[in-house]
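Presented below is the structure to which this report refers.
Read the figures in this text as sums done on the coordinates, not as results from a lab. Model, not experiment: these values are computed from the prediction. Methodologically, a virtual Cβ is constructed for each residue, glycine included, from the backbone with ideal geometry; neighbour enumeration extends over all protein chains shown.
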Amino acid sequence: MNNAWYLFSASTIAWIIIFLYSYGISKKQKSLENQMAEMKEALRKCHISGSSCIRVIWQKKQ
Amino acid sequence: MRRWVRIVFEVTTLTTMVGALYAIFLYAPIEKTMGIIQKIFYFHVSSAFLSFVAFFIVFVASILFLYRRDRKWDILAQSSAEIGVIFCTLVLITGPIWAKPIWNVWWTWDPRLTTTLILWFIYVSYLMLRKMAGEGQRATFTAVFGIIGFINVPITFFAIRIWRTIHPIVIRSSGINITSPMLNTLIITLVAFTLLFFHLLMARMRLERIREGYEEMKALLEEQENR
């Protein structure tokens, strides 16, 4: 196997691992931020209309 | 950290990394004996250096957590351990890929390679312990583990001096054993990877803080439901 292919594979694998890790963090962060936004909305609506609506609104979102 | 500071830091990291790639593939000369495969050296050494830095941060943060019992040190230790394992994995991948055409084997039970593998297992075990330990004990157990596990870092670093090894010795007491353009490229790559490390570390810690906020909000919602 040509030595250049070893270099290419090493650098490609390194960048793929770094990219996948970074992408994973970013995706989890967005998911948590979206869920928190939904919970805030659920809390806001229930403060306006009364506390018994929380379970209904949150379960609908789930 | 303010948003604009974060953006400037990310742009700097990206620019430095592009500069490092230019230096590695276009500026650095091709080594006479090993040929173009020698350029893996820049990825390999930078990853090894950052893995040692990461595990040192775990060590210090674990001590500070046990001393102060402040959750932020536990978050720092956990985040640094994860990223340290990532960089150690890169070392264990790029090393054998470099070794195969040069030593004609993918792996040998050489002291440096063996101690690096042990180091990887230690910190993977740290991460597994974090997943498995109970809520109240997790931080304390992993802090103790993180302190003890650091013992292997100097052993790994000095393995090529303590035992007979076929692993190359680049940094000697007499100086660094490479030409000037290669040294410049190594320095640029180290700076780029260091910035990348801190970028990943801050992102990981931010994720952990968001997760804490999410758990608190969920608990508040459940409390409201039960009223």
What nm distance separates the two modelled labels at B:Thr165 and B:Lys100, each placed 7 Å from Cα along Cα→Cβ? 2.3
Calculated [θ] (222 nm, deg cm²/dmol) that DSSP helices of n ≥ 4 give over chain B, each run adding -39,500 (n - 2.57): -27000 deg cm²/dmol
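Averaged across the residues of A:38-44, what count of C-beta atoms belonging to other chains lies within 10 Å of each residue's C-beta? Walk me through the numbers on the way to the answer.
Details: counts 0, 5, 2, 0, 3, 4, 0.
Average neighbour count from other chains, rounded to a whole number: 2.
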Anyone know which of B:Ile83, B:Ile169, B:Ile97 comes out most mobile in the 10 Å Cα GNM of chain B? B:Ile169
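Relative contact order for chain B: what is it in percent, counting Cα pairs under 8 Å that are at least 6 residues apart? Show your work: numbers first, answer last.
Details: 208 pairs, mean separation 66.6, N = 227.
This gives 29 percent for chain B.
Relative to the present Cα-Cα distance, how much length would full extension add between B:Arg206 and B:Glu10 at 0.36 nm per residue of separation? Intermediate results must be reported in sequence, preceding the final value.
Values: separation 196, 0.36 × 196 = 70.56 nm, distance 1.45 nm.
My answer for the length gained is 69.1 nm.
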Relative to the longest principal axis of chain B, what angle (0 to 90°, nearest 10) does the C-alpha long axis of helix B:71-103 take? 30
How many angstrom lie between the C-alpha centres of the stretch B:37-58 and the stretch B:125-170? 15
In debye to the nearest 20, how big a dipole does the stretch B:29-226 give about its Cα centre with +1 on each Lys and Arg Cβ and -1 on each Asp and Glu Cβ? 780
Determine, from the Cβ-Cβ distance of B:Ile36 and B:Glu222 and an R0 of 41 Å, the FRET efficiency 1/(1 + (r/R0)^6), rounded to the nearest 0.05. 0.10
Roughly how many debye, to the nearest 20, is the charge dipole of the protein assembly as shown about its Cα centre, given +1 on each Lys and Arg Cβ, -1 on each Asp and Glu Cβ, and no other charges? 320
Under a Gaussian network model of chain B whose springs join Cα atoms within less than 10 Å, the largest fluctuation of B:Ser47, B:Ser80, B:Ser180 belongs to B:Ser180
Compute a Gaussian network model of chain B, connecting alpha carbons closer than 10 Å, and tell me which residue from B:Thr13, B:Thr179, B:Thr115 fluctuates the most. B:Thr179
Treating the angle as unsigned and between 0 and 90°, give the value, to the nearest 10°, between the Cα long axis of helix B:180-226 and the longest Cα principal axis of chain B. 10
Lys/Arg +1, Asp/Glu -1 at C-beta; the stretch B:86-227 dipole; positive extreme among B:Val105, B:Val144, B:Met202: B:Val105
For peptide B:208-219, what's the mean number of Cβ atoms from other chains within 10 Å of each residue's Cβ? 3
Relative to chain B, whose Cα atoms define the longest principal axis, helix B:40-68 and its Cα axis are tilted in degrees, nearest 10, by 30
Residue by residue through the stretch B:146-156, what is 3J(HN,Hα) from phi via Karplus (6.51 cos²θ - 1.76 cosθ + 1.60, θ = phi - 60°)? Round to whole Hz and write x for glycine and proline. x, 6, 5, x, 5, 3, 6, 5, x, 4, 5
